[in-house]
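The values are calculated or read from the model by the stated rules, or taken from the named source; none is laboratory data. Treat the numbers as computed from the prediction; the structure is a model and nothing was measured. Here the Cβ is made from the backbone with ideal geometry for all residues, glycine too, and neighbour counts use every protein chain on show. Just so you know, the surface numbers come from the protein's heavy atoms only, side chains and all, with ligands and any DNA or RNA stripped out. Shrake-Rupley method; radii C 1.70, N 1.55, O 1.52, S 1.80 Å.
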Protein chains: 2
Amino acid sequence: MGGTSTLIKQDSDKIRVFSLGGVGEIGKNMYVVEVDNDLIVVDAGLMFPDDDMLGIDVVIPDISYLLENEDRVRGIFLTHGHEDHIGALPYILQKISVPIYGTKLTLGIVKAKLSENGLEKSADLRLIDNNSKLIVGTTTVTFFRTNHSIPDSVGVCIETKQGSIVHTGDFKFDQNPVDGVIAEIGKMASIGEKGVLCLLSDSTNAERPGVSISESVVGQGIADVFYQSSGRIIVATFASNVHRIQQIFNVSKAMDRKVVVSGRSMVKIVSIATELGYLHIDKDILIKEEDINKYDDSKVTILTTGSQGEPMSALTRMAKGAHKQIAIKPSDTIIISATPIPGNEKSVTKVVDLLYRTGAEVVFGEKNVHTTGHGCQEELKLMLNLMKPKYFIPIHGEFKMQYAHRSLAKSCGVKNDNIFLIDKGEVVEFFNGEGKPSGKVTSGNVLIDGIGVGDVGNIVLRDRRLLSNDGILVVVVTLNKENNGIISGPDIISRGFVYVRESEKLLDEANKLVAETLAKCMDENVNEWSSLKSNVRDVLSRYLYEKTRRRPMILPIIMEV
Amino acid sequence: MGGTSTLIKQDSDKIRVFSLGGVGEIGKNMYVVEVDNDLIVVDAGLMFPDDDMLGIDVVIPDISYLLENEDRVRGIFLTHGHEDHIGALPYILQKISVPIYGTKLTLGIVKAKLSENGLEKSADLRLIDNNSKLIVGTTTVTFFRTNHSIPDSVGVCIETKQGSIVHTGDFKFDQNPVDGVIAEIGKMASIGEKGVLCLLSDSTNAERPGVSISESVVGQGIADVFYQSSGRIIVATFASNVHRIQQIFNVSKAMDRKVVVSGRSMVKIVSIATELGYLHIDKDILIKEEDINKYDDSKVTILTTGSQGEPMSALTRMAKGAHKQIAIKPSDTIIISATPIPGNEKSVTKVVDLLYRTGAEVVFGEKNVHTTGHGCQEELKLMLNLMKPKYFIPIHGEFKMQYAHRSLAKSCGVKNDNIFLIDKGEVVEFFNGEGKPSGKVTSGNVLIDGIGVGDVGNIVLRDRRLLSNDGILVVVVTLNKENNGIISGPDIISRGFVYVRESEKLLDEANKLVAETLAKCMDENVNEWSSLKSNVRDVLSRYLYEKTRRRPMILPIIMEV
């Protein structure tokens, strides 16, 4: 586990606010508010690995600080059910035992997730709703409903003696939400009236002017495509976007289309959301993949995952002709109801290209078939004006987004000196209503590879990087130390370096060179293992670089008999 | 070398047009027009590797077809000096000897490139300009000047008995080009009047409505930033964008700022373009990096590379505080005069974030500090209307761009059946003025790793992928076959798998397992090497997957004495 740890003594009159993830990055959101002796944690998300984290599946926050203070952690409060807010729970709950608070849908998704890891029974899940009021230590924790790309999202208000600390969660203001459930603007205003010491607010779209498009408008955009299509319609979207899914079911029903739900995560969410009452669908609208050909093409909608070009997703398999049940036809219309998450642009383009090549109609990007779940500049300013915070910490985003959010806050009257652009682990401390930066706690990335948590670090990653660039050469030789001779070898085994067949001469030469080097060493009575090995490594490395401009990893194995 | 090869007999009355690269992808442009016995090649570009081409430096087209027909290749005609049009030359010219035609600046850049590979002297470089007229076999080849993000760009017109085959090169129509040199619209119109059999046109921006912004407008946008800045100004842009560079020099001169040119490729291009008369700068405006502190910050411009977040570029090193001469100050203004090329979004964001963290002002994206070099929809339609081609082949772009370009061509009156959305190697054949698809020639990716051309293929890449995901375990053991015993080992050496220190128990167990497996094999008299090895591999692989959910490469090395 990385990061910097500083021992800071606890003063019972102080409030400390910091992030263990989610600032200076997209993902693994986790924020901590420490009031007197009580640690209140907001969210526990995961992040998908950067390109240079080779072989890593997911990244979670370093929770050393929580482990060191486990007896003071009062709970993890979840704002909504997205992976970047709940995805670390299965790993974290193996190490720490704390109550988890969340709304109905959020806990429904968490439960499904934990049950995959056998953690469902041991977890202490506590249901809240937007009207819940909890006493936590010396504070009262309340919630307010927001609009986001998943239902049942809330913001968190921690009422302290110095004023409220408010965490917005992910939010937008949607004046026509699909479920008719408007964000609680009045409640936000009254929180603001009572006095907000510090606001932590979602910076995702702080660089985007204007307001976000309403989810209902997107529903209309999707419906327009439905009206114009006479073949099958395939819609790919995020599984967690229940409102989007509802609208796709609605228009399918209106046009008398049956719906096939395809892709593991889509099937799972549709089932959870239906069961909990967040998705309203007629039972007989659903058909199975294998029954798809029993219906006329004009009567079929296929709802699927893969909007990010994920190689193993249903859509990608369809595009490649590798899907067992569904082959794309030129008469199909495919709607990609999503935009690429940064980093996925190339893989999305690849899938789009494959889809076009099938001759099908592809709708994505320009048309109104997707909207963001995060408020744009005017919405972020509305939040600032409702909350009227004395201090402001822009969260949830790259540094450039936090930076842009600072400008917005200044334009809404927050003093420049009262805005903190914090990095992970950096503490802001409040005392007598005054805030200031105050040291650091341990923070960092914990890498998950398979079921290993944190057993892959910089050295392992460096080796993987080397291996991925130029492969490896294993040099095996058996020596007889007594009479200074080579008994067998040297044998060179290469993986990921060159085609052996096309480079026989190169490897033969390399072989000879190793034999000569060893002979010379033994003549000169250099016969410690480590010297022999480093000699072989140096000579071979130099030779191969000269001939190929590559630097494979070289692993000399010298046996003695 | 990949792709499909089909032997096609040559009919002397036929024209064949195909692409060896540049369609269905971004990069490695290479197109071939075969008229009677003459092969005319347009461009020879490189492509940067996809994420899954681990360790690969660049990708070039498979030129098997040209090698098989070397005696008929009349020349490679270069449209302009960008890497995706000339970058394959250093590799190709090692295998094939043909004349290279290009304009002054294009050949200047090619020469510098070839001299780095010691190929300058042997290359047959032939200078042309926009008014050149060459007789090539039975055809006449002429050129027309276009606007693009590098000066001296041309389109190519191959006049055949059946009509002209026109290749636009990369183009936009800029009504206020920086050098005042307008695209030759009149000449294009007269080519169209004479009769164009087939047009091959740049599809890069076929999805973008409207027209591209003029380069002069960008100059004004950059100047606006200069007017508002009182500290140093650092501008990062593409080294080849000579017009952009000219404008940066102009505004620097107007504001009495000296200019430091930083970054190897920037220094090179500034020197070539100045020498050849494409860049006009006062000698005394240039200062050296080491003299930068002799001038007041308000009198300094730093012109540099790294607009794509390249890890080793000057800008990235400055952002990281790792640049020897230039440390970024909070009073600096940094202009990133570029947009991320698809795939580079994340690395650009990383550098932007680092720059923001220095406290400096960062200008990129939204403001008018960059424009595309490729025409948007209205410009592409203008080209189609000028050329009035009977047949149309959209080139230079992903399939979705070719697809969008087809719609534009249809809207300009080209018949749907006369538009060919070709993939690499797919031949369109013209006979008596009628065109039709006609088989395939060999095409594909040749991967360059270091100085190896094509010695890395699917097997090597698959190994690198495996190694990069979970690393490698080498298991070494020495057996005595006669008395069925282990003399030494098993020793397990791991690289890129787990932290050895944190996983001692795992590796100890693995060790024991291997010893038991070998003992059992020998008891059962399984003693062929291959069986012993596959037994070790299977047992170990299963064990490690169960314990870690990882699948490292396992390399058993069994020695016998």
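For the subset of region A:113-124 comprising residues that are open to solvent by 20 Å² or more (accessible area, probe 1.4 Å) and not in a loop (DSSP other than H, G, I, E, B), which member is modelled with the lowest pLDDT?
This residue is A:Glu116.
Could you list, in sequence order, the residues of region A:281-301 that are assigned to a loop (DSSP other than H, G, I, E, B) and among the hydroxyl-bearing types (Ser, Thr, Tyr)?
Within region A:281-301, just A:Tyr295 meets the criteria.
For residues that are open to solvent by less than 30 Å² (accessible area, probe 1.4 Å), hydrophobic (A, V, I, L, M, F, W, C) and either outside the structural domain of A:Thr316 (by TED's automatic domain parsing) or in contact with a helix residue (DSSP H, G or I) (Cβ under 7 Å, 6 or more places away or on another chain) (or both), tally how many sit in region A:247-268.
Count: 6.
Take the residues in region A:499-545 that are among the aliphatic types (A, V, I, L, M) and either within 14 Å of chain B (Cβ to nearest Cβ) or open to solvent by 80 Å² or more (accessible area, probe 1.4 Å) (or both); name whichever of them is farthest from A:Asn480 (Cα to Cα).
A:Val500
Check every one of the helices (runs of 4 or more DSSP H) wholly within region A:446-561 and list those with 3 or more residues that are under 40 Å from the mean Cα position of the chain (by Cα).
Of the helices (runs of 4 or more DSSP H) lying wholly inside region A:446-561, those with at least 3 residues that are under 40 Å from the mean Cα position of the chain (by Cα) span A:458-470, A:529-548.
Just to verify a result, which residue in region A:160-192, among those that are on the phi < 0 side of the Ramachandran plot and without any contact (Cβ under 8 Å) to a residue 24 or more places away in the chain, is most open to solvent (accessible area, probe 1.4 Å)?
A:Lys161
In region A:162-178, is there at least one residue being among the hydrophobic types (A, V, I, L, M, F, W, C), farther than 30 Å from A:Ile448 by Cα, at pLDDT below 95 and in the same structural domain as A:Leu384 (by TED's automatic domain parsing)?
yes
Give the residues of region B:391-402 that are at the interface with chain A (Cβ under 10 Å from one of its Cβ atoms) and touching a Phe, Trp or Tyr at 6+ places or on another chain (Cβ under 7 Å), sorted by residue number.
Hits for region B:391-402 are B:Phe399, B:Lys400.
Among the residues of region B:403-416, are any hydroxyl-bearing (Ser, Thr, Tyr), open to solvent by less than 30 Å² (accessible area, probe 1.4 Å), closer than 30 Å to B:Ser164 by Cβ and in contact with a Phe, Trp or Tyr (Cβ under 8 Å, 6 or more places away or on another chain)?
no
Among the residues of region A:432-453, are any touching a helix residue (DSSP H, G or I) at 6+ places or on another chain (Cβ under 6 Å) and among the acidic types (Asp, Glu)?
Checking region A:432-453: not a single residue is touching a helix residue (DSSP H, G or I) at 6+ places or on another chain (Cβ under 6 Å) and among the acidic types (Asp, Glu).
Just the residues that are open to solvent by 30 Å² or more (accessible area, probe 1.4 Å) and within 22 Å of A:Ser149 (Cα to Cα), please, taken from region A:224-246.
A:Asp224, A:Phe238, listed by residue number.
Taking region A:130-140, which residues are surrounded by 14 or more Cβ atoms within 10 Å (Cβ to Cβ) and assigned to a loop (DSSP other than H, G, I, E, B)?
Passing the criteria: A:Asn130, A:Ser132, A:Gly137.
Rundown of residues vs (1) closer than 22 Å to B:Val362 by Cα; (2) part of a loop (DSSP other than H, G, I, E, B), yes/no style:
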{"position": "B:Gln220", "(1), (2)": "yes, no"}
{"position": "B:Phe249", "(1), (2)": "yes, no"}
{"position": "B:Lys268", "(1), (2)": "no, no"}
{"position": "B:Ser271", "(1), (2)": "no, no"}
{"position": "B:Leu279", "(1), (2)": "no, yes"}
{"position": "B:Leu303", "(1), (2)": "yes, no"}
{"position": "B:Thr316", "(1), (2)": "yes, no"}
{"position": "B:Ala319", "(1), (2)": "yes, no"}
{"position": "B:Ala322", "(1), (2)": "yes, yes"}
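Give me the pairs, please: first residue somewhere in region B:193-219 and in contact (Cβ under 8 Å) with a residue 40 or more places away in the chain and within 14 Å of chain A (Cβ to nearest Cβ), second residue anywhere and crowded, with 18+ Cβ neighbours inside 10 Å and basic (Lys, Arg), beta-carbon distance under 8 Å, and either six or more positions apart or on two chains.
B:Glu207/B:Lys400
When the residues of region A:278-304 are narrowed to those that are free of Cβ contacts under 8 Å to residues at least 12 places away in the same chain and under 27 Å from A:Gly180 (Cα atoms), which ends up least open to solvent (accessible area, probe 1.4 Å)?
A:Asp284
Filtering region A:345-377 down to residues that are within 19 Å of A:Glu207 (Cβ to Cβ) and more than 9 Å from chain B (Cβ to nearest Cβ), which residue is surrounded by the most Cβ atoms within 10 Å (Cβ to Cβ)?
Within region A:345-377, the match that is surrounded by the most Cβ atoms within 10 Å (Cβ to Cβ) is A:Gly375.
State all residues of region B:194-215 that are open to solvent by 40 Å² or more (accessible area, probe 1.4 Å) and over 26 Å from the mean Cα position of the chain (by Cα); if no residue qualifies, say none.
B:Lys194
Do the conditions hold for B:Gly496, that is, is it in contact (Cβ under 8 Å) with a residue 12 or more places away in the chain and facing chain A (nearest Cβ under 7 Å)?
So B:Gly496 passes the test.
I'd like the residue in region B:469-493 that is under 30 Å from B:Gly55 (Cβ atoms) and open to solvent by 40 Å² or more (accessible area, probe 1.4 Å) and, out of all such residues, is nearest to the other protein chains (Cβ to nearest Cβ).
Out of the qualifying residues, it is B:Asn469.
Here are some conditions: (1) open to solvent by 70 Å² or more (accessible area, probe 1.4 Å); (2) of a type in the set (A, V, I, L, M); (3) within 22 Å of the chain's Cα centre (by Cα). A:Leu127 meets all but one. Which one does it not meet?
(3)
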